[in-house]
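First the structure, in the form of structure tokens, and then the observations on it.
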Amino acid sequence: FTDWWDIMMKRSASVEGFFIHPVAELEVIIGNGVMGLEIASQFPDVDVIVVPFGGGGMVSGIALAMKALGKSPSIVACEIESSTPLSAAKSNGSPVLVERGDSWIDGIGSTSVLTEMWPLLDVLVDEVVIVSHAEAACALRSLSDKVNLVVEGAGAVALAAALKPTFSG
């Protein structure tokens, strides 16, 4: 913590304020890697990890942590049908603009993959699964009814992706 604080204070000393990017900041990506460490500690033989895709910081951090541990589960990003920038970028070979439609799931999605995130995402994400709003709603209800979890829509998208009959993970 002290090293991080020192870095932040040095950054802020030269400017009136500073911006920590919520997705593309190295420290944020590394911080998201803690989830990968937790997954590995609880499920040492994990084969597939499904992660909701918003901007790529979480999926990149988890995937990098797995690689650092010498593990190689399949990394699957999932998107909601109204916002599919990663699947579009994967199909195109580089980031492209997509329309972001209306959705009650606002925790994920954007109009494009950030250019600074693309090299990581291109290498680290093995598959992208697109989920419909109906599938997400069904997963949300299932989590509530069957295991008493109330989650945001973006979290339910990961379960919806894994439950798809076509999921290959």
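For Pro95, the conditions (1) over 20 Å from Leu64 (Cα atoms); (2) out of contact with any Phe, Trp or Tyr (no Cβ under 6 Å at 6 or more places or on another chain) all hold with the exception of (2).
Filtered by the rule that a residue be of a type in the set (Asp, Glu) and either under 18 Å from the mean Cα position of the chain (by Cα) or open to solvent by less than 90 Å² (accessible area, probe 1.4 Å) (or both), the stretch 140-161 gives a lone residue, Glu152.
Of the residues making up the stretch 68-88, those that are farther than 15 Å from Gly31 by Cα, open to solvent by 10 Å² or more (accessible area, probe 1.4 Å) and not in a loop (DSSP other than H, G, I, E, B) number 3.
For the stretch 129-169, name all the residues that are among the charged types (D, E, K, R) and part of a loop (DSSP other than H, G, I, E, B). Correct list: Glu152, Lys164. Taking the numbered list (1) at pLDDT 95 or above; (2) over 19 Å from Gly169 (Cα atoms); (3) of a type in the set (Phe, Trp, Tyr) in turn, Trp5 passes all entries but (1). One residue alone among Met35, Met58 is hydrophobic (A, V, I, L, M, F, W, C) and buried (at least 22 other Cβ atoms within 10 Å of the Cβ), and that residue is Met58. For the stretch 116-139, the condition holds for at least one residue, the condition being that it is farther than 24 Å from Leu26 by Cα, in contact with a Ser or Thr (Cβ under 6 Å, 6 or more places away or on another chain) and in contact (Cβ under 8 Å) with a residue 12 or more places away in the chain.
Selection within the stretch 15-59: residues that are of a type in the set (Val, Ile, Thr) and in contact with a Gly (Cβ under 6 Å, 6 or more places away or on another chain). The member of this set that is farthest from Ile108 (Cα to Cα) is Val48.
For the stretch 97-139, the tally of residues that are over 18 Å from the mean Cα position of the chain (by Cα), open to solvent by 40 Å² or more (accessible area, probe 1.4 Å) and aliphatic (A, V, I, L, M) stands at 2. Taken residue by residue, the stretch 38-46 has no member that is within 13 Å of the chain's Cα centre (by Cα) and either open to solvent by less than 20 Å² (accessible area, probe 1.4 Å) or at positive phi (or both).
All conditions but one from (1) modelled with pLDDT under 95; (2) open to solvent by 50 Å² or more (accessible area, probe 1.4 Å) apply to Lys164; the one that does not is (2).
Considering only residues of the stretch 36-67 that are charged (D, E, K, R) and not in a helix (DSSP H, G or I), which is nearest to Pro22 (Cα to Cα)? Among those that are charged (D, E, K, R) and not in a helix (DSSP H, G or I), it is Asp47. In the set (1) within 16 Å of Val50 (Cα to Cα); (2) out of contact with any helix residue (DSSP H, G or I) (no Cβ under 6 Å at 6 or more places or on another chain), the condition left unmet by Val129 is number (2).
The values are calculated or read from the model by the stated rules, or taken from the named source; none is laboratory data. Just so it is clear, the structure is predicted and the values come from calculations on it, not from any experiment. Cβ atoms come from the backbone with ideal geometry, glycine included; neighbour counts cover every protein chain shown. To get the accessible areas, we keep the full protein, side chains included, count just its heavy atoms, and leave off ligands, DNA and RNA. Shrake-Rupley method; radii C 1.70, N 1.55, O 1.52, S 1.80 Å.
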